[in-house]
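Undergrad: The structure's right below; bear with me while I get my questions together.
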Amino acid sequence: MKKVYTCFCTDVIHEGHTNIINLAKQYGEVYVGVLTDEAMIKFNRFPVIPFEERMEMIKNVDGVKEVVVQSEIMYDKVISQLKPDYVIHGDNWKSGPMKAIRDNVEKLLSNYGGQIIDAPYTFNENVRRIDMKIKEKLSMPEYRRKRLRQLLELCPIVKTIEVHSGLTGLIAEKTIVEHDGEFNQFDAMWVSSLCDSTAKGKPDIELVDMTSRFRTIDDVMEVTTKPIIFDGDTGGLTEHFVYTVRSLERMGVSAVIIEDKTGLKKNSLFGTEVEQTQDSIEHFCSKIEAGKKVQLTDDFMIIARIESLILEQGMEDALTRAFAYVKAGADGIMIHSRKKDPAEILEFCDTFRKSDKKTPIVVVPSSFNVITEDELAAHGVNIVIYANQLTRSAFPAMEQTAKDILKYHRAKEVDSRLLPIKDIISLIEEL
Ligand code: SPV
Ligand code: MG
């Protein structure tokens, strides 16, 4: 009997999958690979059912001889072990980022005379509805809220990008790249106070009120499924912060990060150029404790952000605060720096990790942008936040367009830089 292999990256079996299996059966015995959670979140979306259940579900599909674990998106390992005569896949992998997978499979099979079968891709109203239902489930508060904790278990480092609108939410949700055989997408979203304020034409001084910040979260949530980390600034008065925690938790936000400053907050990247006051350890700890006390689920995280390096208070102070905040109940520590050189961030992480192996560390490499995700992860960092790059890339592009239209008295000269009209009118899918 010939061996036919296909890989499923799904948590529901619909007619698209049964069509593939039925076609595969005509060529031989059908082996189905099940993508692990780690691989699935890089390539597709977060699974709605656990890996073991996905294995079981596929095992029970009529016509499946055996299920195998596929732990990488590329098929090298599985093909070398199984040596299938055929690999079958929907023909949608002939273009887009998935073409790299097809090319890789073609090369692997050519080593021993195996063949690819491109099955006609099934996409109809029924399949679309099923897909939409899964996305809706992933976006529900009770599923979304706990996802950050789940990602911390699964990912070497949780890649987080700034969002401040439905549109930026869509970029965070949908952007996926294939590069050198690796697939990547963002894992989570950061509702930055700087970018949320800037989008509203306001300075980043806790001027945009919570109702308005929540409105931004709602806009993002409506079009996304990924987890949200909220920039809670100083958290405000403790008496107010407890209400913020309750509201964020109810909405399905996964974490709030509050910084240990008090009084009129200014953006950290100003550093000591402007007057900023750091909170006392005792007072900030009591704010963390109050927040943890009102939280209703185990999912939600309160992450304490340390401003000692920003305010030039030294490493010792930063570390003392980190241990005190963890003791007060903080679920994670964010350490910030405005130096171009990541040395002080790495020193903090290395020293902190000597005594605390598990509390998640968050960093925001806006200034120290030379460091890679792998290097950060090697120093014990768990979450990296690209806190303002979408806003900073959009502004010069929009400004240049405005200038050129004024210069040429028409829009023809800017057209080649724009999203085609056909694409902008279909960018947002209707229900
Ligand atoms: C933000 O994005 O609003 C932040 C990070 O708080 S920073 O701007 O670097 O302070
Ligand atoms: Mg901020």
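Undergrad: Calculated FRET efficiency, residue 2 and residue 251, Cβ-Cβ r, R0 60 Å, to nearest 0.05?
TA: Computed FRET efficiency for residue 2 and residue 251 comes out at 0.70.
Undergrad: Also, quick follow-up: For the stretch 14-40 and the stretch 144-165, what is the separation of their C-alpha centers, rounded to whole Å?
TA: Using only Cα atoms to place each centre, the spacing works out to 29 Å.
Undergrad: Still on this model: Can you give me the orientation-averaged projected area of the convex hull built on the Cα atoms of the stretch 247-334, in nm²?
TA: 5.8 nm²
Undergrad: Let me ask something else. At 7 Å along Cα-to-Cβ for each site, give me the label-to-label distance between residue 408 and residue 215 in nm.
TA: Rounded to a tenth, the inter-label distance reads 3.6 nm.
Undergrad: If you don't mind, another one. Which shape class, rounded, prolate or oblate, goes with the stretch 127-180 when its Cα gyration tensor gives a ≥ b ≥ c as root eigenvalues, a/c under 1.5 marks rounded, and past that a/b bigger than b/c marks prolate?
TA: Rounded, because the longest to shortest axis ratio a/c is under 1.5.
Undergrad: Same structure again: So which GluC sites (Glu not before Pro) in the stretch 256-296 pass both tests, a DSSP loop state and at most 14 other Cβ atoms within 10 Å of the Cβ?
TA: 275
Undergrad: Determine the gain in length on full extension of the stretch residue 49-residue 282; use 0.36 nm per residue of separation and subtract their C-alpha separation, reporting nm with one decimal.
TA: Gain on extension, residue 49 to residue 282, equals 79.6 nm.
Undergrad: Then there is this: Taking the stretch 367-431, which GluC sites (Glu not before Pro) meet the DSSP loop condition and have no more than 10 other C-beta atoms within 10 Å?
TA: 429, 430
Undergrad: According to the Cα gyration tensor, what semi-axes, each the square root of 5 times an eigenvalue, does the equivalent ellipsoid of the chain have, listed from largest to smallest in whole Å?
TA: 43, 26, 21
Undergrad: Ok, one more. Taking θ as phi - 60°, what are the ³J(HN,Hα) couplings along the stretch 207-220 by the Karplus curve (6.51, -1.76, 1.60), each to the nearest whole Hz, with x for Gly and Pro?
TA: Computed from phi, the couplings for the stretch 207-220 are 7, 5, 6, 4, 4, 6, 4, 5, 4, 4, 4, 5, 4, 5 Hz.
Undergrad: Give me the distance in nm between label points sitting 7 Å out from Cα along the Cα-to-Cβ direction at residue 369 and residue 80, one decimal.
TA: Taking the two extended label points, one gets 3.8 nm.
Undergrad: Per the 1.4 Å probe, what fraction of the accessible area of the stretch 327-385, in percent, lies on carbon and sulfur atoms?
TA: Summing carbon and sulfur atoms, their accessible area is 51 percent of the total for the stretch 327-385.
Undergrad: Hey, rough spin-label estimate for residue 240 and residue 37, points 7 angstrom out along Cα→Cβ, what's it come to in nanometres?
TA: 3.8 nm
Undergrad: Further, regarding this structure: Counting only heavy atoms of protein chains, what accessible area per residue, in Å², does the chain have with a probe of 1.4 Å?
TA: On a per-residue basis, 49 Å².
Undergrad: Any chance you could check the Cα centroid distance between the stretch 66-129 and the stretch 390-411 for me, in angstrom?
TA: That distance is 43 Å.
Undergrad: May I ask you to compute the full-extension gain from residue 177 to residue 378, defined as 0.36 nm times their residue separation minus their alpha-carbon distance, rounded to one decimal in nm?
TA: Between residue 177 and residue 378, full extension yields 70.0 nm more.
Undergrad: What are the extents of the Cα atoms of the stretch 286-326 along their three principal axes, listed from largest to smallest and rounded to whole Å?
TA: 36, 14, 13
Undergrad: Put 195, 9 in order of accessible area, largest first, 1.4 Å probe: what do you get?
TA: Sorted descending by solvent-accessible area, the residues read 9, 195.
Undergrad: Next up: Taking only Cα atoms and a 10 Å spring cutoff, compute GNM fluctuations for the chain and point out the largest among 55, 221, 301.
TA: It is 55.
Undergrad: Follow-up question, since we're still on this one. Where does the stretch 160-230 land on Rg/Rh, using Cα atoms and the Kirkwood Rh?
TA: We get a ratio of 1.05 for the stretch 160-230.
The values are calculated or read from the model by the stated rules, or taken from the named source; none is laboratory data. Because the structure is a prediction, the values reported are computed rather than measured. Neighbour counts are summed over all protein chains in view; Cβ atoms, including those assigned to glycine, are modelled from backbone coordinates with ideal geometry. Note: areas computed on protein heavy atoms with side chains; ligands, DNA, RNA excluded. Shrake-Rupley method; radii C 1.70, N 1.55, O 1.52, S 1.80 Å.
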